[in-house]
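To start, the structure itself, in structure tokens.
The values are calculated or read from the model by the stated rules, or taken from the named source; none is laboratory data. Small disclaimer: the values here were computed from a predicted structure and weren't measured. In this analysis, Cβ positions are derived from the backbone assuming ideal geometry, glycine residues included, and neighbour counts consider all displayed protein chains. Each accessible area value is taken on the protein alone, full model and side chains, heavy atoms only, with ligands, DNA and RNA left out. Shrake-Rupley method; radii C 1.70, N 1.55, O 1.52, S 1.80 Å.
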Amino acid sequence: MTNLLSSHLEDRSTPQYFCFSIRCEVCGEFWYSSSIPFSKALQAAEHREKKELYDAIYQREKQRAMQAAGQEARERFSQCPICRRLVCDACFLICDEMDLCRECAGRMEESGEPVAP
Ligand SMILES: [Zn+2]
Ligand SMILES: [Zn+2]
């Protein structure tokens, strides 16, 4: 699941903030992770001569931010066991026999309640 999530994370980071998004494959809505500020954004803007140093720190912090975004996304996305797509909680239904995405549940006439309405 973590690998699946990581492969769906899109980088929305700016020089000041790290942020990632994931698109639900059923409704197409984007979810954005909480943005995490780059700790050296000010210094990096002021000290151009140290660009390589700050770039390295930026990349390191970005890796961590990406892991945090992956953790956060785990609480909001599920993988449908039938179509294998990554779907948001509003599109993932808790059904009697197995939890399914809205589309698969509809096709099989399973009824259920969304994880998050
Ligand atoms: Zn959705
Ligand atoms: Zn499905």
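Any idea of the accessible area per residue across the chain, 1.4 Å probe, to the nearest Å²?
Values: 7530 Å² over 117 residues.
About 64 Å² of surface per residue is accessible.
Please identify the GluC sites (Glu not before Pro) of segment 48-115 that satisfy two criteria: DSSP loop assignment and at most 14 other Cβ atoms within 10 Å. Which are they?
Glu75, Glu97, Glu109
How large, in percent, is the carbon and sulfur part of the accessible surface of the chain at a probe radius of 1.4 Å? Don't skip to the answer; put the middle values down first.
On the way: 3620 of 7530 Å².
Of the solvent-accessible surface of the chain, carbon and sulfur hold 48 percent.
State the Cα centre-to-centre distance between segment 65-117 and segment 6-56 in whole Å.
Cα centroid to Cα centroid, the span is 26 Å.
Before anything else, pin down the relative contact order of the chain: Cα pairs under 8 Å, at least 6 apart, normalised by residue count, whole percent.
It comes to 22 percent, rounded to a whole number.
Counting only the backbone N, which residues of segment 1-15 are under 17 Å from the spot 7 Å out from the Cα of Gln71 toward its beta-carbon?
Taking a point 7 Å out along Cα→Cβ of Gln71, the residues of segment 1-15 whose backbone N falls under 17 Å are 1-3, 5-6.
Suppose the chain between Thr2 and Ser21 were pulled fully straight at 0.36 nm per residue; how much longer would it get relative to their current alpha carbon spacing? Before the final figure, lay out the partial values.
Details: separation 19, 0.36 × 19 = 6.84 nm, distance 1.45 nm.
Taking 0.36 nm per residue and subtracting the Cα distance, the gain is 5.4 nm.
How large are Rg and Dmax for the chain when only the alpha carbon atoms are used, in Å?
That works out to 18.2, 63 Å for Rg and Dmax.
Sum -39500 (n - 2.57) across every DSSP H segment of at least 4 residues in the chain, then divide by the residue count to get the 222 nm mean residue ellipticity, nearest 500. Display every interim value, and only then the final one.
Values: 4 runs with 43 residues, N = 117.
The per-residue figure over the chain is -11000 deg cm²/dmol.
For the chain, with a Gaussian network of springs between Cα atoms less than 10 Å apart, report the residue from Arg107, Arg12, Arg64 with the top mean-square fluctuation.
In this elastic network of the chain, the residue with the biggest mean-square fluctuation among Arg107, Arg12, Arg64 is Arg107.
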